[in-house]
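Reading through the structure tokens given below for one structure.
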Amino acid sequence: MTNNGTTDQQTGLIIEALDTAKRAVSSLINSVDADNVYDEGHDIADTKAPQVPIDKRWDERKFTAKLVNPANRRKLSVIIVGTGLAGASAAATLGEAGYHVKSFCYQDSPRRAHSIAAQGGINAAKNYRNDGDSVYRLFYDTVKGGDFRARESNVYRLAQTSVQIIDQCVAQGVPFAREYGGLLDNRSFGGVQVSRTFYARGQTGQQLLIGAYQALERQIAAKTVEMHTRHEMLELVVVDGRARGVVIRDMVTGEIETHFADAVVLATGGYGNVFFLSTNAMGCNVTATWRAHRKGAYFANPCYTQIHPTCIPVSGEYQSKLTLMSESLRNDGRIWVPKSGEDKRPAPEVPEEDRDYYLERIYPAFGNLVPRDIASRAAKNVCDEGRGVGPGGLGVYLDFADAIERLGRPAVEAKYGNLFDMYAQITGENPYETPMRIYPAVHYTMGGLWVDYDLESSIPGLYVTGEANFSDHGANRLGASALMQGLADGYFVLPNTINDYLASGPYAKVDETHLAAVEAVEAVRTRIDKLLSVNGTRTVDSFHKELGHIMWDYCGMERSEEGLRKAIGRIRELKAEFWSDVKVLGSNESLNQALERAGRVADFFELGELMCIDALARRESCGGHFRAESQTEDGEALRHDDEFAYVSAWEFAGEGGKPILHREPLVYEYVEMKQRSYK
Ligand SMILES: Cc1cc2nc3c(=O)[nH]c(=O)nc-3n(C[C@H](O)[C@H](O)[C@H](O)COP(=O)(O)OP(=O)(O)OC[C@H]3O[C@@H](n4cnc5c(N)ncnc54)[C@H](O)[C@@H]3O)c2cc1C
């Protein structure tokens, strides 16, 4: 009996009833009207790409962009956040040019950036194989592969620049694989019919990053670059409408610092970890770009996520990371499932006539090398039909028996040895003897901060490079093109465009006493205090995992209006619960990974909601984003170019406000827009 005369049992029932009522009310409040979750804004356009024939645009822009004379460069400073391929290459190049660069990363060394994980290769239109490749074909493949949702001018420049990247990296000593005659070797990646992918075994990202890192270290030694490791950017400082600085937390001491410069570059990578499980490094997050978004930078195409078809399947509820098996494996591996869902024989015992090499069957022209979105969806389809293999039926085979017979095991080992070892260590199975099991997983985010042809965001003086920008990949990135874009941005594009902005500098001096800086620091401190003071009952990871489930179920490979509405409501509820019940142990004044994660997950909630809103607004199937309401009679993805051939660029409308949708219409002058076919 309690003091007021009710029994414990009655009290329990009352609490339960109140909880149910609370949930019902909050569901009602959060039930989302599709037409009522965002506001319409005005159309926008890229104004920087010159209006000349496409093959002349980049040269023309380099010519018209203002230059800064070498003596004046020393007086100008640039902050670069991120030391992956996009950031390290930019910092090294701008340092070499003579600017004063301040570089930041949250790892303990610049060369631990997530870029190091890249396995398969980097594209370039060198045509070493003499198989019909050209700058135009790389441009064409990329626009088509992106399902006609990328900007032509940018993609053409990317293809042009690709050839310079390889020369630069070879000159740095990057050990690309070579063929018998001494030329650099190539292999094929999905969505193309030529061999243009340069590689360094299954460690291409690592070798490229070592190249960029060496160049960066040289500038650090020359004192043109000031390196700050273990420093996390938590806020952007905008002064008089221009990006002028960042608020940074020293992750070891907890000290909150401000840094200022004439321009700021974000090269902070992608946000695939919003799904909790992904192939991204555990630390990858959206905080830097999300904070910039809240300060006025438009966020473009947030719902475009790449689901990679060849990852090791999820093995349990307690898993926190997924492992990629490089796309290069599809050069020689054949993908299949048993013809019948009833067939439970081990793979080597299933005879040829009972196997369905479904990609070769459905897409004979490209076979196992269809683009990632097509391969992922096909894998999902055969698993949905009950023909998947392995635990839970969520897997398909990637089989090397033919390749081993044709080429011999030593040749297969030479090409893919480290990937096979990795697979064996993770699964305990020997892929030389039994086929690998693979399943699609979140891998890359095509969305990111909106940038113009100069890579400048909608905040003057804020530039965005690499995976952090909405990039050149439209609704689907072709394999081996992220490394190409990151290095194109960092070594070649940014160093030729940012000078146009810097030429008007140095801008008026700003320091930590400026009101904008004081407010930004105050916002960071308040947020940290809030996270530490909730003292609730749930771990940060439990919230992150639940958010990830919502995102995967409703904003993953297949989306529907009903599902997306539900997801938006659930994310809002979960976010409210996070801020009232999260438990973050420890303090700010020391290394505190729980605190770091809490801040990142808090931003993932806001991003996750915007991703669902973006997906809701885009009522078409496009790339790997299958909208259930928009399909052809035979179940293929159906685009609606008349309505949706645009980049969605979202403006933050303040706390509690509805995001504002600006559209950048996409015009195709060189590649005819048509329904993609890889058959
Ligand atoms: C397993 C795997 C394999 C891949 N293989 C290939 C491949 O073969 N070919 C290909 O083209 N692409 C591949 N990709 C994609 C490619 O690796 C990435 O898109 C690319 O490396 C991203 O480079 P980046 O420089 O933009 O960002 P990242 O390499 O992610 O670097 C981000 C940097 O930003 C810093 N940072 C982030 N936030 C903050 C903050 N708030 N404060 C301070 N610093 C911050 C980090 O410390 C880091 O230095 C692969 C991806 C994965 C996951």
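The values are calculated or read from the model by the stated rules, or taken from the named source; none is laboratory data. These numbers come from a predicted model, not from an experiment. Positions of Cβ are generated from backbone atoms using ideal geometry, with glycine treated the same way; all protein chains shown enter the neighbour counts. Accessible surface areas use protein heavy atoms only, side chains included; no ligands, DNA or RNA. Shrake-Rupley method; radii C 1.70, N 1.55, O 1.52, S 1.80 Å.
Numbers at a glance
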quantity: The range 456-472, subset hydrophobic (A, V, I, L, M, F, W, C) and within 12 Å of the ligand (Cβ to nearest atom), residue farthest from the chain's Cα centre (by Cα); calculated: VAL464
quantity: Criterion: over 26 Å from MET484 (Cα atoms), modelled with pLDDT of 95 or more, polar (S, T, N, Q) and open to solvent by 50 Å² or more (accessible area, probe 1.4 Å) - qualifying residue of ASN36, ASN69; calculated: ASN69
quantity: Candidate set: the range 108-135, residues that are open to solvent by 50 Å² or more (accessible area, probe 1.4 Å) and free of Cβ contacts under 8 Å to residues at least 24 places away in the same chain; chosen: the one nearest to TYR668 (Cα to Cα); calculated: ASN130
quantity: 1 or more residues at pLDDT 95 or above, open to solvent by 10 Å² or more (accessible area, probe 1.4 Å) and more than 9 Å from the ligand (Cβ to nearest atom): qualifying strands (runs of 3 or more DSSP E) within the range 207-320; calculated: 225-228, 231-239, 242-250, 256-260
quantity: Those residues of the range 369-396 which are buried (at least 23 other Cβ atoms within 10 Å of the Cβ) and among the polar types (S, T, N, Q), in sequence order; calculated: SER376
quantity: Test: residue in the range 117-140 that is among the charged types (D, E, K, R), more than 15 Å from the ligand (Cβ to nearest atom) and in a helix (DSSP H, G or I); calculated: yes
quantity: Residue check for GLN203: within 11 Å of the ligand (Cβ to nearest atom) and more than 30 Å from ASN588 (Cβ to Cβ); calculated: yes
quantity: Where THR434 falls short, out of the listed (1) farther than 19 Å from GLN119 by Cα; (2) of a type in the set (S, T, N, Q); (3) open to solvent by less than 10 Å² (accessible area, probe 1.4 Å); calculated: (3)
quantity: Sole exception among (1) in contact with a strand residue (DSSP E or B) (Cβ under 7 Å, 6 or more places away or on another chain); (2) among the basic types (Lys, Arg); (3) modelled with pLDDT of 95 or more for ARG361, by number; calculated: (1)
quantity: Residue in the range 410-427 that is in a loop (DSSP other than H, G, I, E, B), under 23 Å from THR279 (Cβ atoms), among the β-branched types (Val, Ile, Thr) and open to solvent by less than 50 Å² (accessible area, probe 1.4 Å) present; calculated: no
quantity: Qualifying residue in the range 514-530 (condition: under 27 Å from GLY241 (Cα atoms), more than 16 Å from the ligand (Cβ to nearest atom) and not in a helix (DSSP H, G or I)); calculated: yes
quantity: The range 332-369: number of residues that are small (Gly, Ala, Ser) and without any contact (Cβ under 8 Å) to a residue 40 or more places away in the chain; calculated: 1
quantity: Boolean, THR224 is closer than 29 Å to GLU596 by Cβ and hydroxyl-bearing (Ser, Thr, Tyr); calculated: no
quantity: Selection within the range 87-107 - open to solvent by less than 30 Å² (accessible area, probe 1.4 Å) and not hydroxyl-bearing (Ser, Thr, Tyr); calculated: GLY87, ALA88, ALA90, ALA91, ALA92, LEU94, GLY95, GLY98, VAL101, PHE104, CYS105
quantity: The range 504-524: number of residues that are out of contact with any strand residue (DSSP E or B) (no Cβ under 7 Å at 6 or more places or on another chain) and under 19 Å from VAL78 (Cβ atoms); calculated: 5
quantity: Residues satisfying the stated conditions in the range 92-108, i.e. assigned to a helix (DSSP H, G or I) and touching a strand residue (DSSP E or B) at 6+ places or on another chain (Cβ under 9 Å); calculated: ALA92, LEU94, GLY95
